[in-house]
Structure formats: C-alpha cells, structure tokens
C-alpha cells in the first residue's frame, strides 16, 4: 500500500503541470478553466492532507523517479515536515485562486494555467530531495509568477515586476553556483547523501552560498528590501498567493538544508539566529512607517520570516516545533490579511490608510475577518498566533536565549501597534466624502480596463458615485451617526470577495482552539528534521 | 586555470552590467552571469577526463556526464528567462525609468551627450 502511495508522489508535480498546460490551450472556456483550476488545487490539498495523515507517525515516503537505484535517481520524498507545508501551501493557493475567481481576475485566459504551474513547482520544490532538481523547480515556480505579475498588474507600472524578476534571477543564479560548488566538493547533489556533510568546511561554505541565495528569496534582512516594492506592484490577490508560496518555500529550504546538511551545527545556527532576530525587528518597525495597508502587511510578513527562522536557529525539539507551527500559522493569517487588503483595494481602488475609512460600520464580515486575523498575527489567544508565539517564546527561553525571547514579545507588541493603526485609520475613523468617488473610479477603471496611471473622466466618476449612493441601502443595524456623509449608503464590498479571507481567518481560529493538533503535527515535523536518519534511509536505502 | 580565469572575467563583466541602469544591459549581464555559472558547474565535474562515458566500458578517462546534464538544463532555463526579460524590456516602456533617452536634452547639451550617459 505504502509503495503504491509512494509511486503517486510525482503526481503532485505532474498533474498540475499537465492540467495547467491543457487549460492553456482550451479556447475561451472561462467557467471550465476556473472549475478545473480550483478542482485541481483542492485535489492537491486533499492529497497533501492524506500525506500529513500517513506521515504523522514518522513514516517517510520516498519515490525514485524512473525507478533508478537510490543515489542516482531524482528522489521525491514526503516526510511529516514537507507534507505539512505542502498542505498549507495548497490551502493558501486554493483560497487565493478562489479570490481571483470571485474578483474576476481569473477571467484572463492564462491565469488558471499560471496558478496551476506555480502550485506544481511549489510541490516539486517541497518534495524533491535533489538540490539541482530544487533549482529547476524554483524556476518552474518563478516563470508563471512573472506572468501573473505582469498580466494582473493593475497599474501600467512594470518597475516592480522588473525588480522582482531581476532580484529572483540573480538569487537563482547564485543558488545554481552554490549547487555547482557543492557538486565540486562532494560529487553529489542528493540531499540524503549530503547528510551531515556540513562538518567539512568546504562543503559548509558551498552550502552557505546556497543558503545566501535562498535568504534573498525569503527576504531575510539585509536582503529584504525588494519584497515590499515588488509585491506592492502586483495585483493584491497575486501578492497573497506569492506570500503564502514563494517566501515560505524559501524558508522551508532553509529548514531542510540546515537540518540535513548542517545538522544544526552551532556557529551556522548562531548566524541564522542573528539574521532572523534582525529580520523580525526591522520588519516590524518598518511596517509602522508605511501609509498603505499592503506595505504594512508586507513588512509584517518580513518580520514573520524572522519569527519562523528563530525556530530553526534554536534547533531544539521545542524550537523546531514552534518554528514549524509558526510557519503554518503565518501562511494562513498572512493570506487572510492580504486577501482583506485585496478586497479593500479592489472595491475602493486604494489601500491608503488616510483615504479609506469607516469600514467598521459598513462591512461587519470584513471587520470580523480583520479583527481575527490581526489579533492572531499579534499573537493573542485564542487564535493560532497565540499558540505558535507562545511555543516560540517558551522555546527560546528554554534554550537560555532570553534576549531573543524578550525580542519576540516586544516585536509582537509592535505588530499589534501597526495592526491597531490600520484599525484606527481604515476601520474606525470617519468616512471621508471622497471615498465614494474613489470606489466609483475603481469600478470604472475595472469596467473599461484603464490602468491606474491614466486619467478617468471626473464627471463620469461623480455620476457613478451618485448612482451607487442611491442604489444601496444602509446595512441593517448600522448606527445612525453623523460620521458617514452618505448615511451608510453606497459602495459595499461584495461578500464573495470577503469569503476567502473569512475562510482563512476561521482556520486560524480553528488552529488556535485545536492548538494541540497543530503542535502535534509540528512536533512530528520537527522530529523528522532533528533526526534525519529515517529521511536518509528512505532516499538511499539502508 | 584558463577555465577559472574565464569564469572570473565572465562573472565580473556580468556583475558590472547587472549594476547598470538599462534593462538591456541587465539582460546582457544576466546572460554573462549564467555563462559563468555554467562554466563553474562544468569545472565542478573536472575537465581533465574527457572521453565519452558509457562507451567501451573503460571509464577511467570518461568525462562526468552529470554536470553536463546540469548545464544543459540550466542553459534551457536561462534561455527561457532571457526571453521573459527581453519581453520586460520591450513592453511597458512608458514607465521605464531605467533608460535615459526620455530625458530631454538640457541647455547646451546635445542629444548625443544625453544618449551617452
């Protein structure tokens, strides 16, 4: 039975790639494309959850592609760690794609294909145990990303996309150079054969080149600067998709390489610890200075990368458990927050904190999702953030690194501050008279496909705004206060745009109440990293 | 030695070009960088043994086929990405601030001088 499931592992990569290719040539079938797209992503999620169940007792599934003998073939491996992350990425991908369908972005003919190829690449990068193959899958991930960035860019602005491509390309080239160096020293790029090779200084340095390249992709301080700018230029839903997939895959690779090749070797982990601490501090404080919701979230994401990396830097059972739990939590919550930002930007045409206000009384569902996700991000009970952060602080205190433990708490406070800023300005606040105009302009732009840097007729916008105020009645139970110039009439965010974010927020609540389950899965994943002998045995045989 | 030197020269030229402003220069720089990395991988397999592998059964002088397979894959990927990059250079020009030609010549400055920047 296990052998049969092992042989199915390449399907996680092959099926999305194949379906993505088929969808690309289907002529003008929006509906079919969307259904097949979301169907395959959900199937992938189902498969990943099945893998999580199978591997949760420590089983390691491995398949040698082409049935070549172990050590020569490209191996695909699923252990507790990769299965868990695969499930989380599939979830974020499915929900983000659901949002794209709801917002009409998935109507562009190639979007479904791109998302599927991206998901296939991510699955490949998570499952492969061969460094060169990993490079290939990272490229498979990146190519559709370039397409998504450009096609869904709502501004005529390509500067962000160029930045994204150039930075990622350089990082990939550096990674390839690192792989070449590892091959030069060790004569293999099979991760299992490289197990423990980090004791040899030359191998360690070659691996460090790879890690440096991956750090660029993960947006670790001091190479984090590109992320906020590049993602801010993308369509909001694409930013949500990427934030759940790209940076997290990079972090996954850091975990994998640190555990298999370095085996948690002291000095290297100290280096990661210092960089991770700087990342989480810099990200959190940079978020305070931003004026739009998306950059705030982007810097929160960078800060989160720091949190996750603290886990691997500790390299204790508790630390790894906490880091992995935080990773899953962060993917879910960040996805939720970014989809909330997407819904706001999509409807109101702007994510500026000072231009959009008064969402609280108008959008009860969106407000609920935001409150849950924001509090979860800050780490308040009973949400998933509390479980993950509490475990992480405990782990650092347990390892006698009190400074880091204190830092985690302080940074969480700063994160709460930046979330409160968003709350105070966007959700609470008095609604400006021109919010309705903004929203009307956004609708006209979407309808006519006009880029953000072209002008729209002001009279048309005013007429559209007036129509919207006439058409929409105030939501039930909205208090009759005078902080809304239109008496709560006018534009509201459609519920289909809120549902994806709400789904993820609900999952965060679920992971908070079911913290036991999350920590149990993370513990299994952590022990797979701590003792890699099962992994090695599965890949190259006893 | 010649291999090491060429890798060094290619990498230096590539880094220099990537740090320039123009998108075309960045693309050329990236092409040079991939060449450098490809040579590095070839060098990783050792270049002293050059006979064809899997032929005749004598493997003592056979070249290592694995790095060559790596490089072949890397070349294809680099080619694909170069095309994507070239597309980026060609479309969306109106917001491209990496090329200086959109700047009108200042007083007493010929168009040629502007171009030379």
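Quick note: the coordinates plus some simple rules give every number you see, no bench work behind them. All values reported here derive from a predicted model rather than from experimental measurement. As a convention, Cβ positions derive from the backbone with ideal geometry for all residues, glycine included, and neighbour counts pool all protein chains shown.
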Please quote Rg/Rh for the stretch A:222-310 to two decimal places, taking the Kirkwood radius as Rh and restricting both calculations to Cα atoms. 1.02
Testing the spin-label approximation: label points 7 Å from Cα along Cα→Cβ at residue B:90 and residue A:403. State their distance in nm. 5.3 nm
Gap in Å between the Cα centre of the stretch B:59-79 and the Cα centre of the stretch A:278-304? 42 Å
Provide the FRET efficiency to the nearest 0.05 for the residue A:199-residue B:12 pair, computing r from the beta carbons and using R0 = 41 Å. 0.80
Taking a virtual spin label 7 Å from the Cα of residue A:67 along the C-beta vector, which residues in the stretch A:2-39 bring their backbone nitrogen under 18 Å of it? A:2-11
Helix A:131-151 sits at what angle to the longest principal axis of chain A, using alpha carbons and giving 0 to 90 degrees rounded to 10? 10 degrees
Ranked by how many other beta carbons lie within 10 Å on average, peptides A:346-357, A:55-66, A:319-330, A:241-252 from highest: A:319-330, A:241-252, A:346-357, A:55-66
Any idea what angle helix A:30-55 forms with the longest principal axis of chain A, computed on alpha-carbon atoms, 0 to 90 degrees, nearest 10? 40 degrees
Fully extended, how many nm does the chain gain between residue A:417 and residue A:278 (0.36 nm per residue separation, minus their Cα-Cα distance)? 48.2 nm
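Would you please calculate the Kirkwood hydrodynamic radius of the stretch A:46-200 over all C-alpha pairs and express it in Å, rounded to one decimal? Write down the numbers at each step before the final one.
Numbers: mean 1/r = 0.0573 Å⁻¹.
After inverting the mean inverse Cα-Cα distance, the result is 17.5 Å.
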Hey, what's the Kirkwood Rh for the stretch A:349-453 if you take every pair of different alpha carbons, in angstrom? 16.1 Å
Could you state the orientation-averaged shadow area of the convex hull built on the Cα atoms of the stretch A:184-251, in nm² to one decimal? 5.6 nm²
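Under the rule of -39500 (n - 2.57) per DSSP H run of 4 or more residues, summed and divided by the residues of chain A, what mean residue ellipticity at 222 nm is obtained, to the nearest 500 deg cm²/dmol?
Dividing the helical sum by the residues of chain A leaves -24500 deg cm²/dmol.
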Tilt, helix A:364-378 to longest principal axis of chain A (alpha-carbon atoms), in degrees rounded to tens, equals 40 degrees
Can you give me the pair-distance distribution of the protein assembly as shown, C-alpha pairs, 20 Å bins, whole percents? 18, 52, 26, 4, 0
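If you rank A:298, A:420, B:23, A:334 by fewest surrounding Cβ atoms within 10 Å, what's the result? Before the final figure, lay out each step's value.
Details: A:298 28, A:420 13, B:23 20, A:334 25.
By the 10 Å Cβ count, ascending: A:420, B:23, A:334, A:298.
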